[in-house]
Amino acid sequence: MSNIIGLINYGIAGNIHSIKKAIEKAGGVVKIVNNENELNSIDKIVIPGVGSFKDAINELRKDGLLEPLKKAIHTKPTLGICLGMQILATLGFEYGKTQGLDAIKAEVKPMLVDAKVPHMGFNTIDVVKSNLLLNGLENEEFYFMHSYEVINYTEIASLSDYAGHTFVSSVQKENIYGVQFHPEKSRDAGLKLFKNFIEL
């Protein structure tokens with residue numbers, strides 16, 4: 001059985017090469033996906049992301065990937081990273097209101113916290129719903145860098161705390177996973193997470 005992980009390349013991802021290297025280091029085979037045909041030839045999907053919700057959706061639309069990706073994420077194991085997790089939501093409120101991929105019933109809003117934003121640096125995750133992606137990572141620290149957060153009540157896989165503010169640090173719904181942190185910058189814990197994803 002093939003196990004090709006497709007890394008969605010949509011112009012603004014920014015961290016695509018460090019994610020590719022990390023997945024390969026974890027033992028995965030990576031194919032960069034630039035169009036719909038390439039999307040059809042992979043087994044799993046990773047949606048990277050650095051930047052704004054609105055720009056991400058506009059880039060996917062411009063590349064002809066928006067509608068195909070909306071369908072594909074329901075049939076293939078999918079991992080959204082940082083902004084990639086955020087655009088899995090129904091709606092984003094960064095630079096106006098933007099429709100997301102609507103894979104997870106959630107909204108993406110600014111972090112309202114009495115501390116410096118963006119929330120940057122290593123932080124722990126508290127796993128509230130165990131799943132195969134987070135298996136063995138219950139007490140690990142991951143690297144975060146974000147100013148917006150996913151507001152969701154039904155698909156929460158883990159929570160984290162920043163300056164007394166609890167936010168959703170990962171989600172899971174069936175074959176769809178999202179992490180607010182950057183596994184590719186999270187050392188051994190990040191590699192273990194990618195290994196878990198490869199083995200799904």
Query raised in the report: Looking at segment 52-141, what strands (runs of 3 or more DSSP E) fall wholly within it and have at least 1 residues that are in contact with a Pro (Cβ under 8 Å, 6 or more places away or on another chain)?
Result: 78-81
Requested in this report: Run down Thr154, Thr166 and say which single residue is among the hydroxyl-bearing types (Ser, Thr, Tyr), in a loop (DSSP other than H, G, I, E, B) and more than 17 Å from Thr78 (Cβ to Cβ).
Outcome: Thr154
Report summary line: Taking segment 23-51 and keeping residues among the hydrophobic types (A, V, I, L, M, F, W, C) and in a loop (DSSP other than H, G, I, E, B) leaves Ala26, Ile42, Val50
Query raised in the report: So which pairs qualify, if the first residue must be in segment 99-111 and at negative phi and free of Cβ contacts under 8 Å to residues at least 60 places away in the same chain, the second must be part of a strand (DSSP E or B) and among the basic types (Lys, Arg), the Cβ gap must be under 9 Å, and the two must be at least 6 apart or on different chains?
Result: Lys105/Lys173
Query raised in the report: Quick check: anything in segment 173-185 over 28 Å from Asn37 (Cβ atoms) and surrounded by fewer than 19 Cβ atoms within 10 Å (Cβ to Cβ)?
Result: yes
Query raised in the report: Between a first residue in segment 38-52 that is acidic (Asp, Glu) and a second residue that is surrounded by fewer than 20 Cβ atoms within 10 Å (Cβ to Cβ) and at pLDDT below 95, which pairs have beta carbons less than 6 Å apart while being 6 or more apart in sequence or on different chains?
Result: Asp43/Ser2; Asp43/Asn3
Report summary line: Within segment 23-55, the residues that are over 30 Å from Pro118 (Cβ atoms) and polar (S, T, N, Q) are Asn35, Asn37, Asn40, Ser41
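The values are calculated or read from the model by the stated rules, or taken from the named source; none is laboratory data. A quick note: this is a predicted structure, and the numbers were derived from the prediction, not measured. A quick note on method: Cβ atoms are made from the backbone with ideal geometry, for glycine too, and the neighbour counts reach across all protein chains shown.
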